[in-house]
Amino acid sequence: MSKHGFSTKAIHAGQPAEPITGAIMTPVFLTSTYVQEELGKHKGYEYSRVSNPTRTALEMNIAALENGKHGLAFGSGTAAVDAILHLLKPGDHVIMSWNVYGGTYRIAKMIWEEFGLQFDFVDTTNLQNVERVLRPSTKMLFIETPTNPTMEITDLSAAASLAKKHRLISVVDNTFATPYLQQPLDHGFDIVVHSLTKYLNGHSDMLGGLIVTNVDAHNERLRFMQKAVGGILSPFDSWLCLRGTKTLVVRIRQHCESAMRVAQWLHGQKKVKKVYYPGLDDHPQHALAKKQMRAFGGMISFELGSLAVAAAFLKNVRLCALAESLGGVETIITHPATMTHASIPPDQRARIGVTDGLVRISVGIEDVEDILADIENALDTI
Ligand SMILES: *Cc1c(COP(=O)(O)O)cnc(C)c1O
């Protein structure tokens with residue numbers, strides 16, 4: 001598949017016609033085990049915790065989209081992040097972007113620190129901050145770009161070469177961008193991780209996580225983790241996500257186009273104090289986003305000034321759903337300080353710009369006029 005274009009890979013990679021019937025769609029292999037012909041002779045599948053053909057199809061599909069060799073699917077994005085931290089040993093030090101996904105911060109601080117890993121959270125938009133906290137025991141650089149929810153952009157090529165120079169395992173959480181907008185392995189990263197729950201599945205009807213890597217040793221250790229620990233994705237959820245990735249390109253194009261319209265509109269509103277969207281000229285890393293991303297994504301945050309104003313606004317939206325999560329076809333609106341980022345201490349929240357007046361919107365693919373009318377209505381009431 002590697003010579004084909006991105007859309008063609010999204011539809012076909014990992015999914016040849018089913019050999020017995022010719023079924024064009026990969027079946028949901030609802031089976032725990034596989035009958036063996038004789039001792040030591042099987043068709044490549046032994047037990048579904050180790051591997052399952054529907055999961056294999058999804059793993060190959062998304063690995064192809066990230067231009068990677070190996071894909072590994074987990075039961076959630078956080079399970080995939082957790083598996084990556086299992087590559088380390090007690091005493092190892094990890095440097096993470098300071099506004100990584102709240103759940104990633106929570107695993108780091110509340111689980112892995114107890115088991116002897118050490119963490120620093122720094123602003124990776126300036127890589128000197130990474131150099132400043134490097135120690136002899138630093139083993140991993142884990143970044144997110146664009147970040148959640150303030151849409152900061154980290155230079156992928158520069159971060160990858162910094163990691164190489166200091167022999168760090170380099171990881172990007174590519175959930176917000178998706179491989180259609182940026183492919184971190186091509187910039188030299190070792191590992192890409194996704195929450196499938198968001199854009200890759202795109203229909204808000206499953207949870208999943210996926211790791212892609214070109215490093216054979218990491219793949220072997222992570223496969224061992226799937227088998228030994230068992231935090232794997234089910235065949236049915238794998239199948240749902242395969243259905244999602246087929247339309248990834250057309251969905252993301254529309255998300256990006258509509259988000260640009262919404263961001264520009266918000267930017268002109270008096271009641272909106274600030275708009276965070278990498279596609280706007282006044283975004284501090286707009287030029288970098290333009291260089292390393294195909295388009296600017298479907299996520300926007302904006303500042304309404306106070307908790308009371310944000311709460312009134314959120315109470316008055318009708319079409320936009322007030323909910324956690326993002327990346328579905330429907331527009332979802334969130335209050336990061338009390339929802340997605342509630343587990344981050346208030347002082348740390350203030351440092352990364354997650355104020356009480358901040359609202360985040362995952363722009364869906366409804367008619368953009370309807371989304372704008374809903375936001376305008378809610379703004380009028382405050
Ligand atoms: C949602 C999310 C995760 C966690 O994924 P789950 O599937 O919810 O476990 C990790 N990283 C980012 C950027 C996310 O948005």
Worksheet entry | At R0 = 22 Å, FRET efficiency that the Cβ-Cβ distance of residue 261 and residue 380 yields, to 0.05 | 0.70
Discussion item. About the Cα centre, and with charges only on the beta carbon of Lys, Arg (+1) and Asp, Glu (-1), how big is the dipole of the chain? Nearest 20 debye, please.
Written reply: 620
Discussion item. Less than 18 Å from a label point 7 Å out along the Cα-to-Cβ axis of residue 325: which backbone N atoms in segment 343-382 qualify, by residue?
Written reply: 360-366
Worksheet item: Which pairs break 29 Å Cα to Cα here: 246/315; 198/291; 43/89?
Response: 246/315; 43/89
Worksheet entry | Acute angle (nearest 10 degrees) that the helix 368-380 long axis makes with the longest principal axis of the chain, alpha-carbon atoms | 40
Practice prompt. May I ask you to derive the FRET efficiency for residue 49 and residue 89 from their Cβ-Cβ distance with R0 = 25 Å, giving the value to the nearest 0.05?
Written response: 0.50
Discussion item. On a full-extension model of 0.36 nm per residue, what is the gain between residue 165 and residue 369, subtracting their alpha-carbon distance, rounded to one decimal in nm?
Written reply: 68.6 nm
Worksheet item: Ignoring any ligand, DNA or RNA, what whole percent of the accessible area of segment 149-262 comes from carbon and sulfur when the probe is 1.4 angstrom?
Response: 54
Practice prompt. Please give the contour-minus-distance gain from residue 338 to residue 290: 0.36 nm per residue of separation, less the Cα-Cα distance, rounded to one decimal in nm.
Written response: 14.1 nm
Discussion item. What number results when the radius of gyration of the chain, computed over Cα atoms, is divided by 2.2 N^0.38 Å?
Written reply: 0.99
Fill in: With 5 Å bins from 0: P(r) over segment 248-380, alpha-carbon pairs, percent
2, 11, 20, 24, 21, 15, 6, 1
Practice prompt. Note the angle between two axes, namely the Cα long axis of helix 53-65 and the longest principal axis of the Cα atoms of the chain, as a number of degrees from 0 to 90, rounded to the nearest 10.
Written response: 50
Response to the item:
In Å², rounded to a whole number, the accessible area per residue of segment 248-380 with probe 1.4 Å is 43
Worksheet item: What's the angle, to the nearest 10 degrees (0 to 90), between helix 156-165's Cα axis and the longest principal axis of the chain?
Response: 60
Practice prompt. Report the full-extension gain for the segment residue 114 to residue 24: residue separation times 0.36 nm, less the Cα-Cα distance, to one decimal in nm.
Written response: 27.6 nm
Item to complete: First measure r as the distance between the Cβ atoms of residue 37 and residue 220, then evaluate 1/(1 + (r/R0)^6) with R0 = 22 Å and state the FRET efficiency to the nearest 0.05.
Response: 0.25
Fill in: Reachable aspartates and glutamates from residue 3, criterion Cα separation under 20 angstrom, eight or more residues apart if same chain
59, 66, 186
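The values are calculated or read from the model by the stated rules, or taken from the named source; none is laboratory data. It should be emphasised that the depicted structure is a prediction, and the values quoted were computed from it without experimental measurement. Quick reminder, even Gly has a Cβ in these numbers, built from the backbone with ideal geometry, and neighbours come from all protein chains shown. Protein only, heavy atoms only, side chains kept; ligands, DNA and RNA dropped before computing areas. Shrake-Rupley method; radii C 1.70, N 1.55, O 1.52, S 1.80 Å.
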